[in-house]
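Notes follow the structure.
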Amino acid sequence: MKNILFIASEAVPFIKTGGLADVVGSLPKYFDKEKYDVRVIIPKYLCIPEHFRNQMQYKTHFYMDFNWKSQYVGLLEMEYEGVKFYFIDNEYYFQGFKPYGNIYEDIEKFAFFSKAALCVIPLLDFVPDIIHCHDWQTGLIPVYLKERFNGGEMYRRIKSVMTIHNLKFQGVWDVKSVKNITGLSSYFFAPDKLEAYGDANYLKGGIVYADAVTTVSKSYAEEIKTPFYGEGLDGLMRARSNCLRGIVNGIDYNEYNPETDKRIVRNYNQVTFRKEKYKNKIALQEQLGLEVNKDKFMIGIVSRLTDQKGLDLIQYVMDEMCSQDDIQLVVLGTGEERYENMFRHFDWKYNSRVSANIYYSEDLSHRIYASCDAFLMPSLFEPCGLSQLMSLRYGTVPIVRETGGLKDTVQPYNEYEGTGTGFSFANYNAHEMLNTIRYAKSVYYNRKREWNKIVDRAMQADFSWNNSARQYESLYDNL
Ligand code: ADP
Ligand code: GLC
(Lines give C-alpha, C1' and ligand atoms only; values in the text may rest on other atoms or scores of the structure.)
(Ligands and ions follow the chains in the order given, each with its own letter.)
Protein backbone atom coordinates (compact mmCIF):
# COMPACT_ATOMS: atom_id res chain seq x y z
CA MET A 1 0.00 0.00 0.00
CA LYS A 2 1.30 3.43 -0.89
CA ASN A 3 0.28 6.43 1.17
CA ILE A 4 -0.36 9.66 -0.68
CA LEU A 5 -1.17 12.92 1.03
CA PHE A 6 -2.73 15.74 -0.98
CA ILE A 7 -2.19 19.19 0.51
CA ALA A 8 -4.19 22.01 -1.03
CA SER A 9 -6.03 25.24 -0.34
CA GLU A 10 -9.47 24.08 -1.53
CA ALA A 11 -11.45 20.90 -2.15
CA VAL A 12 -15.08 20.08 -2.97
CA PRO A 13 -17.48 19.69 -1.27
CA PHE A 14 -16.03 21.88 1.49
CA ILE A 15 -14.69 24.96 -0.24
CA LYS A 16 -14.40 25.91 -3.91
CA THR A 17 -13.40 28.97 -5.89
CA GLY A 18 -12.51 27.16 -9.13
CA GLY A 19 -11.44 23.95 -10.79
CA LEU A 20 -8.66 23.29 -8.26
CA ALA A 21 -11.30 22.32 -5.70
CA ASP A 22 -12.99 19.94 -8.14
CA VAL A 23 -9.69 18.18 -8.80
CA VAL A 24 -8.51 17.93 -5.19
CA GLY A 25 -11.94 16.78 -3.98
CA SER A 26 -12.65 14.22 -6.69
CA LEU A 27 -9.36 12.72 -7.89
CA PRO A 28 -8.60 10.91 -4.57
CA LYS A 29 -11.78 8.86 -4.97
CA TYR A 30 -10.57 7.34 -8.21
CA PHE A 31 -7.31 5.69 -7.16
CA ASP A 32 -7.05 1.93 -6.85
CA LYS A 33 -8.03 1.52 -3.21
CA GLU A 34 -6.15 -1.75 -2.89
CA LYS A 35 -2.86 -0.05 -3.66
CA TYR A 36 -3.16 3.62 -2.75
CA ASP A 37 -4.41 5.25 0.41
CA VAL A 38 -4.98 8.87 -0.64
CA ARG A 39 -5.90 11.48 1.97
CA VAL A 40 -6.27 15.24 1.82
CA ILE A 41 -5.33 18.19 4.07
CA ILE A 42 -7.01 21.58 3.62
CA PRO A 43 -7.50 24.55 5.93
CA LYS A 44 -10.56 24.66 8.15
CA TYR A 45 -11.89 27.95 6.84
CA LEU A 46 -14.68 29.61 8.74
CA CYS A 47 -16.48 29.95 5.40
CA ILE A 48 -16.81 26.17 5.00
CA PRO A 49 -20.57 25.53 5.34
CA GLU A 50 -21.58 24.97 8.94
CA HIS A 51 -23.08 21.53 8.42
CA PHE A 52 -19.66 20.29 7.27
CA ARG A 53 -17.82 22.02 10.10
CA ASN A 54 -20.16 20.35 12.58
CA GLN A 55 -19.33 16.93 11.21
CA MET A 56 -15.57 17.33 11.57
CA GLN A 57 -14.04 15.48 14.47
CA TYR A 58 -11.47 17.12 16.65
CA LYS A 59 -8.30 15.02 16.80
CA THR A 60 -5.73 17.12 18.60
CA HIS A 61 -4.08 20.51 18.82
CA PHE A 62 -0.66 21.93 19.64
CA TYR A 63 1.27 25.18 19.44
CA MET A 64 3.76 25.83 16.68
CA ASP A 65 6.45 28.50 16.42
CA PHE A 66 5.57 30.59 13.42
CA ASN A 67 6.34 34.17 12.45
CA TRP A 68 7.93 34.89 15.85
CA LYS A 69 4.86 33.73 17.76
CA SER A 70 3.55 30.54 19.20
CA GLN A 71 0.46 29.73 17.14
CA TYR A 72 -2.46 27.40 17.68
CA VAL A 73 -2.72 24.48 15.25
CA GLY A 74 -5.88 22.39 15.49
CA LEU A 75 -6.32 19.11 13.63
CA LEU A 76 -9.74 17.80 12.69
CA GLU A 77 -10.81 14.97 10.42
CA MET A 78 -13.80 13.80 8.47
CA GLU A 79 -14.45 11.06 5.96
CA TYR A 80 -16.36 11.99 2.84
CA GLU A 81 -17.34 9.53 0.12
CA GLY A 82 -14.61 7.13 1.20
CA VAL A 83 -11.80 9.71 1.39
CA LYS A 84 -10.28 10.92 4.63
CA PHE A 85 -9.96 14.69 4.87
CA TYR A 86 -7.90 16.47 7.51
CA PHE A 87 -8.44 20.11 8.40
CA ILE A 88 -5.94 22.54 9.88
CA ASP A 89 -7.62 24.90 12.29
CA ASN A 90 -6.52 28.38 13.23
CA GLU A 91 -9.22 31.00 13.66
CA TYR A 92 -6.92 33.91 13.03
CA TYR A 93 -5.66 32.76 9.64
CA PHE A 94 -8.76 31.01 8.34
CA GLN A 95 -11.47 33.52 9.23
CA GLY A 96 -13.42 35.60 6.70
CA PHE A 97 -16.05 35.07 4.02
CA LYS A 98 -13.62 33.79 1.40
CA PRO A 99 -10.61 31.48 1.49
CA TYR A 100 -8.37 34.09 -0.12
CA GLY A 101 -7.88 37.75 0.74
CA ASN A 102 -5.20 40.17 -0.29
CA ILE A 103 -1.89 38.70 -1.32
CA TYR A 104 0.02 39.90 1.73
CA GLU A 105 -2.39 38.10 4.08
CA ASP A 106 -2.35 35.04 1.87
CA ILE A 107 1.44 34.88 1.80
CA GLU A 108 1.46 34.57 5.57
CA LYS A 109 -1.65 32.40 5.74
CA PHE A 110 -0.29 29.74 3.38
CA ALA A 111 3.18 29.74 4.90
CA PHE A 112 1.42 28.96 8.17
CA PHE A 113 -0.73 26.31 6.52
CA SER A 114 2.22 24.64 4.77
CA LYS A 115 4.29 24.43 7.91
CA ALA A 116 1.34 23.28 10.03
CA ALA A 117 0.40 20.60 7.48
CA LEU A 118 3.90 19.15 7.74
CA CYS A 119 3.92 19.40 11.53
CA VAL A 120 0.70 17.41 11.92
CA ILE A 121 1.99 14.39 9.99
CA PRO A 122 3.43 12.56 13.03
CA LEU A 123 0.02 12.92 14.66
CA LEU A 124 -1.84 11.15 11.87
CA ASP A 125 -2.10 7.39 11.85
CA PHE A 126 -0.65 7.66 8.38
CA VAL A 127 2.89 8.22 7.13
CA PRO A 128 2.85 9.52 3.57
CA ASP A 129 5.23 8.12 0.99
CA ILE A 130 4.37 11.03 -1.25
CA ILE A 131 3.06 14.51 -0.58
CA HIS A 132 1.17 15.90 -3.54
CA CYS A 133 1.07 19.71 -3.50
CA HIS A 134 -1.27 21.87 -5.53
CA ASP A 135 -0.57 25.41 -6.73
CA TRP A 136 1.38 28.24 -5.12
CA GLN A 137 -0.40 28.05 -1.77
CA THR A 138 1.49 24.83 -1.08
CA GLY A 139 4.71 25.72 -2.91
CA LEU A 140 6.65 26.04 0.34
CA ILE A 141 6.02 22.43 1.27
CA PRO A 142 8.71 20.85 -0.94
CA VAL A 143 11.08 23.57 0.27
CA TYR A 144 10.32 22.96 3.95
CA LEU A 145 10.54 19.22 3.38
CA LYS A 146 14.09 19.57 2.10
CA GLU A 147 15.10 22.07 4.73
CA ARG A 148 13.55 22.20 8.14
CA PHE A 149 11.98 18.79 8.30
CA ASN A 150 14.97 17.02 6.84
CA GLY A 151 16.25 16.24 10.33
CA GLY A 152 13.65 13.54 10.94
CA GLU A 153 14.01 10.18 9.25
CA MET A 154 10.28 10.05 8.57
CA TYR A 155 10.28 13.31 6.62
CA ARG A 156 13.45 12.47 4.74
CA ARG A 157 11.77 9.50 3.05
CA ILE A 158 8.82 11.52 1.75
CA LYS A 159 8.84 12.46 -1.93
CA SER A 160 6.94 15.45 -3.23
CA VAL A 161 4.93 16.22 -6.33
CA MET A 162 4.04 19.78 -7.30
CA THR A 163 1.03 20.19 -9.59
CA ILE A 164 0.62 23.50 -11.37
CA HIS A 165 -3.05 24.25 -11.94
CA ASN A 166 -2.36 27.81 -12.97
CA LEU A 167 1.08 29.32 -13.52
CA LYS A 168 -0.36 32.83 -13.46
CA PHE A 169 -0.64 32.77 -9.67
CA GLN A 170 2.75 32.28 -8.04
CA GLY A 171 2.54 33.74 -4.55
CA VAL A 172 5.05 36.57 -4.91
CA TRP A 173 6.15 38.97 -2.16
CA ASP A 174 9.31 40.74 -1.12
CA VAL A 175 12.22 38.66 0.11
CA LYS A 176 12.63 40.39 3.44
CA SER A 177 9.04 39.82 4.56
CA VAL A 178 8.94 36.27 3.30
CA LYS A 179 12.22 35.49 5.04
CA ASN A 180 10.70 36.80 8.24
CA ILE A 181 7.43 34.94 7.85
CA THR A 182 8.82 31.59 6.74
CA GLY A 183 11.94 31.56 8.86
CA LEU A 184 13.87 30.23 5.86
CA SER A 185 17.52 31.31 5.72
CA SER A 186 19.06 33.61 3.09
CA TYR A 187 20.39 30.54 1.34
CA PHE A 188 16.93 29.87 -0.09
CA PHE A 189 16.44 33.33 -1.55
CA ALA A 190 18.66 32.95 -4.59
CA PRO A 191 17.57 32.88 -8.25
CA ASP A 192 18.14 29.12 -8.50
CA LYS A 193 15.80 28.56 -5.54
CA LEU A 194 12.90 30.60 -4.16
CA GLU A 195 13.76 33.95 -5.68
CA ALA A 196 12.47 35.20 -9.03
CA TYR A 197 13.13 38.68 -10.37
CA GLY A 198 14.24 39.93 -6.96
CA ASP A 199 11.14 38.70 -5.09
CA ALA A 200 10.30 35.58 -3.16
CA ASN A 201 8.11 33.19 -5.16
CA TYR A 202 6.36 30.27 -3.46
CA LEU A 203 5.44 28.41 -6.63
CA LYS A 204 8.98 28.64 -7.92
CA GLY A 205 10.20 27.14 -4.64
CA GLY A 206 7.79 24.25 -5.11
CA ILE A 207 8.85 23.67 -8.70
CA VAL A 208 12.56 23.76 -7.87
CA TYR A 209 12.36 21.48 -4.83
CA ALA A 210 9.63 18.98 -5.76
CA ASP A 211 10.73 15.55 -6.96
CA ALA A 212 8.24 15.72 -9.82
CA VAL A 213 6.27 18.54 -11.37
CA THR A 214 3.02 18.10 -13.22
CA THR A 215 0.50 20.32 -14.85
CA VAL A 216 -3.06 19.63 -15.89
CA SER A 217 -2.79 19.02 -19.65
CA LYS A 218 -0.14 18.01 -22.15
CA SER A 219 -0.50 21.17 -24.22
CA TYR A 220 -0.16 23.46 -21.21
CA ALA A 221 2.96 21.52 -20.17
CA GLU A 222 4.46 22.50 -23.53
CA GLU A 223 3.07 26.03 -23.61
CA ILE A 224 4.55 27.05 -20.27
CA LYS A 225 8.03 26.48 -21.65
CA THR A 226 7.46 29.50 -23.91
CA PRO A 227 7.54 33.17 -22.90
CA PHE A 228 3.91 33.85 -23.87
CA TYR A 229 2.48 31.29 -21.43
CA GLY A 230 5.44 30.98 -19.07
CA GLU A 231 4.53 33.91 -16.79
CA GLY A 232 8.22 34.68 -16.34
CA LEU A 233 9.05 31.10 -15.32
CA ASP A 234 9.40 29.62 -18.82
CA GLY A 235 13.17 29.29 -18.34
CA LEU A 236 12.60 27.30 -15.17
CA MET A 237 10.00 25.15 -16.89
CA ARG A 238 12.48 24.38 -19.66
CA ALA A 239 15.15 23.59 -17.09
CA ARG A 240 12.79 21.24 -15.23
CA SER A 241 11.30 19.76 -18.39
CA ASN A 242 12.60 16.25 -17.71
CA CYS A 243 10.60 16.23 -14.45
CA LEU A 244 7.53 17.96 -15.92
CA ARG A 245 4.51 16.00 -17.11
CA GLY A 246 1.09 17.01 -18.35
CA ILE A 247 -1.76 14.86 -17.02
CA VAL A 248 -5.16 15.99 -18.19
CA ASN A 249 -7.87 16.53 -15.56
CA GLY A 250 -11.00 14.47 -15.36
CA ILE A 251 -14.31 15.27 -13.70
CA ASP A 252 -16.40 13.37 -11.21
CA TYR A 253 -18.72 11.36 -13.45
CA ASN A 254 -21.04 10.62 -10.54
CA GLU A 255 -21.47 14.24 -9.60
CA TYR A 256 -21.80 15.37 -13.22
CA ASN A 257 -24.19 12.88 -14.72
CA PRO A 258 -27.19 14.03 -16.81
CA GLU A 259 -28.91 10.73 -16.14
CA THR A 260 -29.04 11.10 -12.36
CA ASP A 261 -28.35 14.79 -11.66
CA LYS A 262 -30.95 16.03 -9.15
CA ARG A 263 -30.23 19.68 -9.84
CA ILE A 264 -31.60 19.57 -13.38
CA VAL A 265 -35.23 19.54 -14.45
CA ARG A 266 -35.17 16.60 -16.83
CA ASN A 267 -32.67 13.74 -16.78
CA TYR A 268 -31.41 12.28 -20.02
CA ASN A 269 -28.68 10.15 -21.49
CA GLN A 270 -27.02 9.47 -24.80
CA VAL A 271 -30.11 7.73 -26.11
CA THR A 272 -32.81 10.08 -24.82
CA PHE A 273 -31.18 13.50 -25.20
CA ARG A 274 -33.01 14.24 -28.47
CA LYS A 275 -36.36 14.01 -26.70
CA GLU A 276 -35.47 15.23 -23.24
CA LYS A 277 -32.58 17.71 -23.19
CA TYR A 278 -34.59 20.64 -24.60
CA LYS A 279 -37.01 20.45 -21.67
CA ASN A 280 -34.18 21.70 -19.50
CA LYS A 281 -33.75 24.60 -21.90
CA ILE A 282 -37.39 25.60 -21.66
CA ALA A 283 -37.27 25.44 -17.87
CA LEU A 284 -34.15 27.60 -17.81
CA GLN A 285 -35.69 30.15 -20.19
CA GLU A 286 -38.66 30.39 -17.85
CA GLN A 287 -36.48 30.61 -14.77
CA LEU A 288 -34.29 33.38 -16.18
CA GLY A 289 -36.96 35.36 -18.02
CA LEU A 290 -35.67 34.70 -21.51
CA GLU A 291 -37.96 34.21 -24.50
CA VAL A 292 -39.33 30.69 -24.17
CA ASN A 293 -38.57 28.88 -27.40
CA LYS A 294 -37.17 25.39 -27.60
CA ASP A 295 -35.50 26.03 -30.94
CA LYS A 296 -33.46 29.08 -30.00
CA PHE A 297 -29.69 28.47 -30.12
CA MET A 298 -28.66 28.89 -26.48
CA ILE A 299 -25.03 29.45 -25.52
CA GLY A 300 -23.84 29.10 -21.93
CA ILE A 301 -20.89 30.53 -20.03
CA VAL A 302 -19.97 29.44 -16.49
CA SER A 303 -16.74 31.07 -15.48
CA ARG A 304 -14.60 33.07 -13.15
CA LEU A 305 -14.79 36.48 -14.80
CA THR A 306 -11.08 37.21 -15.27
CA ASP A 307 -8.90 38.09 -18.23
CA GLN A 308 -7.76 34.45 -18.47
CA LYS A 309 -11.17 33.46 -19.81
CA GLY A 310 -11.20 35.45 -23.07
CA LEU A 311 -14.03 37.75 -22.05
CA ASP A 312 -12.51 40.66 -23.94
CA LEU A 313 -13.24 38.82 -27.16
CA ILE A 314 -16.85 38.40 -26.14
CA GLN A 315 -17.21 42.05 -25.18
CA TYR A 316 -15.79 43.12 -28.53
CA VAL A 317 -18.38 41.27 -30.63
CA MET A 318 -21.31 41.15 -28.23
CA ASP A 319 -23.40 43.59 -30.29
CA GLU A 320 -22.73 41.75 -33.51
CA MET A 321 -23.48 38.45 -31.83
CA CYS A 322 -26.77 39.59 -30.32
CA SER A 323 -28.01 41.88 -33.09
CA GLN A 324 -30.03 39.07 -34.68
CA ASP A 325 -32.78 37.32 -32.83
CA ASP A 326 -31.39 33.82 -33.30
CA ILE A 327 -29.22 33.44 -30.23
CA GLN A 328 -29.55 33.38 -26.45
CA LEU A 329 -26.65 33.80 -24.04
CA VAL A 330 -26.74 32.67 -20.42
CA VAL A 331 -23.85 33.75 -18.22
CA LEU A 332 -23.02 32.61 -14.68
CA GLY A 333 -19.92 34.03 -13.07
CA THR A 334 -18.24 36.38 -10.66
CA GLY A 335 -14.92 38.14 -10.76
CA GLU A 336 -13.54 41.41 -12.06
CA GLU A 337 -16.01 44.24 -11.88
CA ARG A 338 -15.47 45.35 -15.47
CA TYR A 339 -16.64 41.97 -16.76
CA GLU A 340 -19.49 41.69 -14.28
CA ASN A 341 -20.74 45.10 -15.42
CA MET A 342 -20.19 44.29 -19.07
CA PHE A 343 -22.54 41.31 -18.83
CA ARG A 344 -25.05 43.26 -16.71
CA HIS A 345 -25.06 45.93 -19.41
CA PHE A 346 -25.79 43.46 -22.20
CA ASP A 347 -28.45 41.77 -20.08
CA TRP A 348 -30.15 45.18 -19.85
CA LYS A 349 -29.64 45.94 -23.54
CA TYR A 350 -30.79 42.56 -24.92
CA ASN A 351 -33.08 41.58 -22.13
CA SER A 352 -34.94 38.70 -23.78
CA ARG A 353 -31.74 37.23 -25.24
CA VAL A 354 -29.04 37.68 -22.62
CA SER A 355 -29.18 36.60 -18.99
CA ALA A 356 -26.32 37.69 -16.73
CA ASN A 357 -26.22 35.93 -13.38
CA ILE A 358 -23.45 37.53 -11.41
CA TYR A 359 -23.17 35.20 -8.45
CA TYR A 360 -22.00 31.73 -7.55
CA SER A 361 -24.47 28.85 -7.78
CA GLU A 362 -23.74 25.17 -8.07
CA ASP A 363 -27.41 24.53 -8.97
CA LEU A 364 -27.56 27.04 -11.78
CA SER A 365 -24.21 25.86 -13.15
CA HIS A 366 -25.57 22.32 -13.56
CA ARG A 367 -28.72 23.67 -15.20
CA ILE A 368 -26.66 25.66 -17.67
CA TYR A 369 -24.48 22.64 -18.53
CA ALA A 370 -27.66 20.62 -19.11
CA SER A 371 -29.82 23.21 -20.88
CA CYS A 372 -27.66 25.01 -23.39
CA ASP A 373 -26.93 23.91 -26.91
CA ALA A 374 -23.38 25.21 -26.88
CA PHE A 375 -20.85 26.32 -24.26
CA LEU A 376 -18.45 29.17 -24.96
CA MET A 377 -14.91 29.17 -23.53
CA PRO A 378 -12.57 31.33 -25.62
CA SER A 379 -9.76 31.42 -23.03
CA LEU A 380 -6.55 33.37 -23.53
CA PHE A 381 -4.86 30.49 -21.73
CA GLU A 382 -6.35 27.44 -20.04
CA PRO A 383 -4.22 24.97 -18.06
CA CYS A 384 -6.95 22.38 -18.41
CA GLY A 385 -10.47 23.71 -17.95
CA LEU A 386 -13.23 21.62 -16.43
CA SER A 387 -16.27 23.50 -17.68
CA GLN A 388 -15.82 22.21 -21.23
CA LEU A 389 -15.59 18.66 -19.83
CA MET A 390 -18.83 19.17 -17.91
CA SER A 391 -20.43 20.50 -21.10
CA LEU A 392 -19.29 17.48 -23.09
CA ARG A 393 -20.74 15.20 -20.44
CA TYR A 394 -24.13 16.95 -20.73
CA GLY A 395 -24.07 17.00 -24.53
CA THR A 396 -23.62 20.76 -24.65
CA VAL A 397 -21.27 21.42 -27.53
CA PRO A 398 -18.15 23.37 -26.51
CA ILE A 399 -16.90 26.29 -28.59
CA VAL A 400 -13.32 26.90 -27.46
CA ARG A 401 -10.04 28.52 -28.34
CA GLU A 402 -7.32 26.00 -29.14
CA THR A 403 -5.14 26.47 -26.10
CA GLY A 404 -3.97 24.26 -23.22
CA GLY A 405 -6.48 21.72 -22.03
CA LEU A 406 -9.20 23.07 -24.32
CA LYS A 407 -7.13 21.97 -27.29
CA ASP A 408 -6.51 18.55 -25.75
CA THR A 409 -10.11 17.77 -24.83
CA VAL A 410 -12.33 19.26 -27.54
CA GLN A 411 -12.00 17.69 -30.95
CA PRO A 412 -13.07 20.22 -33.62
CA TYR A 413 -15.98 19.30 -35.85
CA ASN A 414 -14.97 18.14 -39.31
CA GLU A 415 -18.00 18.19 -41.58
CA TYR A 416 -16.29 16.17 -44.29
CA GLU A 417 -15.26 13.29 -42.09
CA GLY A 418 -18.17 13.53 -39.69
CA THR A 419 -15.92 13.72 -36.64
CA GLY A 420 -15.51 16.06 -33.70
CA THR A 421 -17.08 16.93 -30.36
CA GLY A 422 -17.10 20.72 -30.57
CA PHE A 423 -15.92 23.81 -32.39
CA SER A 424 -12.64 25.63 -32.04
CA PHE A 425 -10.56 28.51 -33.33
CA ALA A 426 -6.84 29.17 -33.09
CA ASN A 427 -6.08 32.87 -32.69
CA TYR A 428 -7.02 35.22 -29.88
CA ASN A 429 -9.18 37.20 -32.26
CA ALA A 430 -12.76 38.27 -31.64
CA HIS A 431 -13.97 37.83 -35.20
CA GLU A 432 -12.36 34.44 -35.52
CA MET A 433 -14.38 33.50 -32.45
CA LEU A 434 -17.53 35.07 -33.87
CA ASN A 435 -17.15 33.22 -37.14
CA THR A 436 -16.78 29.96 -35.26
CA ILE A 437 -19.92 30.70 -33.25
CA ARG A 438 -21.75 31.48 -36.50
CA TYR A 439 -20.54 28.27 -38.04
CA ALA A 440 -21.77 26.30 -35.02
CA LYS A 441 -25.07 28.15 -35.16
CA SER A 442 -25.54 27.32 -38.85
CA VAL A 443 -24.96 23.62 -38.20
CA TYR A 444 -27.45 23.80 -35.33
CA TYR A 445 -30.18 25.48 -37.38
CA ASN A 446 -29.62 23.98 -40.81
CA ARG A 447 -28.17 20.51 -40.21
CA LYS A 448 -29.85 19.31 -37.09
CA ARG A 449 -28.99 15.66 -37.65
CA GLU A 450 -25.33 16.54 -37.93
CA TRP A 451 -25.62 18.65 -34.80
CA ASN A 452 -27.15 15.77 -32.88
CA LYS A 453 -24.31 13.53 -33.99
CA ILE A 454 -21.86 16.05 -32.53
CA VAL A 455 -23.84 15.95 -29.27
CA ASP A 456 -23.75 12.17 -29.39
CA ARG A 457 -19.98 12.09 -29.81
CA ALA A 458 -19.53 14.72 -27.09
CA MET A 459 -21.49 12.58 -24.65
CA GLN A 460 -19.44 9.55 -25.61
CA ALA A 461 -16.07 11.20 -24.93
CA ASP A 462 -14.60 9.84 -21.69
CA PHE A 463 -13.17 12.42 -19.32
CA SER A 464 -13.87 10.54 -16.14
CA TRP A 465 -10.85 10.22 -13.85
CA ASN A 466 -10.23 6.62 -14.91
CA ASN A 467 -7.43 7.35 -17.35
CA SER A 468 -5.73 10.18 -15.52
CA ALA A 469 -5.81 8.55 -12.10
CA ARG A 470 -3.81 5.66 -13.65
CA GLN A 471 -1.23 8.17 -14.89
CA TYR A 472 -0.84 9.67 -11.41
CA GLU A 473 -0.49 6.15 -10.01
CA SER A 474 2.37 5.42 -12.40
CA LEU A 475 4.02 8.71 -11.49
CA TYR A 476 3.81 7.80 -7.78
CA ASP A 477 5.18 4.33 -8.54
CA ASN A 478 8.16 5.80 -10.37
CA LEU A 479 8.96 8.11 -7.49
P1 ADP B 1 -10.91 27.68 -13.32
O2 ADP B 1 -10.43 26.70 -12.33
O3 ADP B 1 -9.83 28.38 -14.07
O4 ADP B 1 -11.89 28.64 -12.75
P5 ADP B 1 -12.20 25.37 -14.57
O6 ADP B 1 -12.95 25.26 -15.84
O7 ADP B 1 -11.11 24.42 -14.34
O8 ADP B 1 -11.70 26.88 -14.47
O9 ADP B 1 -13.17 25.16 -13.34
C10 ADP B 1 -14.19 26.05 -13.02
C11 ADP B 1 -15.13 25.38 -12.04
O12 ADP B 1 -15.81 26.38 -11.30
C13 ADP B 1 -16.20 24.56 -12.72
O14 ADP B 1 -16.59 23.51 -11.83
C15 ADP B 1 -17.33 25.56 -12.88
O16 ADP B 1 -18.59 24.94 -13.01
C17 ADP B 1 -17.22 26.32 -11.59
N18 ADP B 1 -17.73 27.70 -11.58
C19 ADP B 1 -17.12 28.82 -12.05
N20 ADP B 1 -17.88 29.92 -11.81
C21 ADP B 1 -18.98 29.48 -11.18
C22 ADP B 1 -20.16 30.12 -10.66
N23 ADP B 1 -20.33 31.45 -10.73
N24 ADP B 1 -21.09 29.35 -10.06
C25 ADP B 1 -20.92 28.01 -9.97
N26 ADP B 1 -19.86 27.35 -10.43
C27 ADP B 1 -18.89 28.06 -11.03
C1 GLC C 1 -6.97 26.19 -12.73
C2 GLC C 1 -7.05 26.41 -14.23
C3 GLC C 1 -8.01 25.48 -14.94
C4 GLC C 1 -7.91 24.06 -14.40
C5 GLC C 1 -8.07 24.07 -12.90
C6 GLC C 1 -7.99 22.68 -12.29
O7 GLC C 1 -7.88 26.96 -12.03
O8 GLC C 1 -7.35 27.74 -14.55
O9 GLC C 1 -7.73 25.49 -16.32
O10 GLC C 1 -8.89 23.24 -15.00
O11 GLC C 1 -7.07 24.84 -12.32
O12 GLC C 1 -6.78 22.03 -12.62
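The values are calculated or read from the model by the stated rules, or taken from the named source; none is laboratory data. All figures in this text were calculated on a predicted structure; none of them were measured in a lab. We place every Cβ from the backbone using ideal geometry, glycine too, and count neighbours over all the protein chains shown. These accessible areas exclude ligands, DNA and RNA; they are computed on the full protein's heavy atoms, side chains included. Shrake-Rupley method; radii C 1.70, N 1.55, O 1.52, S 1.80 Å.
Under 8 Å for C-alpha pairs, at least 6 residues apart: give me the relative contact order for the stretch 353-479, rounded to a whole percent.
Once normalised by length, the contact order is 20 percent.
How many percent of DSSP beta bridges within the stretch 273-460 run antiparallel, rounded to 5?
Among the beta bridges of the stretch 273-460, antiparallel pairing accounts for roughly 5 percent.
Quote the Stokes-Einstein diffusion coefficient, in whole µm² s⁻¹, for the stretch 273-460, based on the Kirkwood radius over alpha carbon pairs, a temperature of 10 °C and a viscosity of 1.306 mPa s.
Answer, rounded: 98 µm²/s.
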- How many percent of DSSP beta bridges within the chain run antiparallel, rounded to 5? 30 percent
- Express the carbon and sulfur contribution to the solvent-accessible surface of the chain as a percent, rounded to the nearest whole number, probe 1.4 angstrom. 48 percent
- Positive dipole terminus of the chain, leading residue within Gln388, Ser468, Gly139 (C-beta point charges): Ser468
- Note on the structure: Helix 448-460 sits off the longest principal axis of the Cα atoms of the chain, rounded to the nearest 10 on a 0 to 90 degree scale, by 20 degrees
- Note on the structure: Mean separation of Cα contacts under 8 Å (at least 6 apart) over the residue count of the stretch 119-201, i.e. the relative contact order in percent, is 27 percent
- Task: Place the peptides 276-284, 198-206 in order of packing, highest mean first, counting for every residue the other Cβ atoms within 10 Å and averaging per peptide.
- Result: 198-206, 276-284
- Message: When a/c reaches 1.5 or more, the comparison of a/b and b/c decides; with that in mind, is the chain rounded, prolate or oblate per its Cα gyration tensor?
- Response: prolate
- Task: May I ask you to compute the full-extension gain from Glu362 to Arg438, defined as 0.36 nm times their residue separation minus their alpha-carbon distance, rounded to one decimal in nm?
- Result: 24.4 nm
- Item | Most to least packed among 155-163, 400-408, 288-296, 2-10 [average Cβ atoms within 10 Å] | 400-408, 2-10, 155-163, 288-296
- Taking a ≥ b ≥ c as the square roots of the Cα gyration tensor eigenvalues, with a/c under 1.5 meaning rounded and otherwise prolate when a/b beats b/c or oblate if not, the stretch 216-319 comes out oblate
- How large is the dipole of the stretch 273-460 about the Cα centre if only Lys and Arg carry +1 and Asp and Glu carry -1, each at its Cβ, rounded to the nearest 20 debye? 680 debye
- Item | Top positive-direction residue, dipole computed over the stretch 337-476 with Cβ charges, set Phe425, Met459, Thr436 | Thr436
- Query: Per residue, how much accessible area does the stretch 273-460 have with a 1.4 Å probe, in Å²?
  - Reply: 38 Å²
- Divide by every residue of the chain the summed helix terms, -39500 (n - 2.57) for each DSSP H run of at least 4, and state the resulting mean residue ellipticity at 222 nm, rounded to the nearest 500 deg cm²/dmol. -11000 deg cm²/dmol
- Note on the structure: Taking the dipole of the chain about the Cα centre (Lys, Arg +1; Asp, Glu -1; charges at Cβ), the one of Leu167, Ser355, Val265 that reaches farthest to the positive side is Val265
- Task: Measure up Lys98/Lys262; Lys349/Lys441; Lys44/Lys146; Lys349/Lys407; Lys168/Lys407; Lys16/Lys309 against 29 Å on the Cα-Cα distance and list the ones that go over.
- Result: Lys349/Lys407
- Task: Pull out a ≥ b ≥ c, the square roots of the eigenvalues of the alpha-carbon gyration tensor of the stretch 33-165, then state rounded if a/c is under 1.5, prolate if not and a/b is larger than b/c, and oblate in the remaining case.
- Result: rounded
- Item | Percentage relative contact order, the chain, counting C-alpha pairs under 8 Å, at least six apart | 12 percent
- Task: Kindly report the accessible area of the stretch 185-239 per residue (heavy atoms of protein chains, probe 1.4 Å, no ligands, DNA or RNA), in Å².
- Result: 38 Å²
- Task: Show me 107-119, 59-71, 306-318 ranked by packing, highest mean number of other Cβ atoms within 10 Å first.
- Result: 107-119, 306-318, 59-71
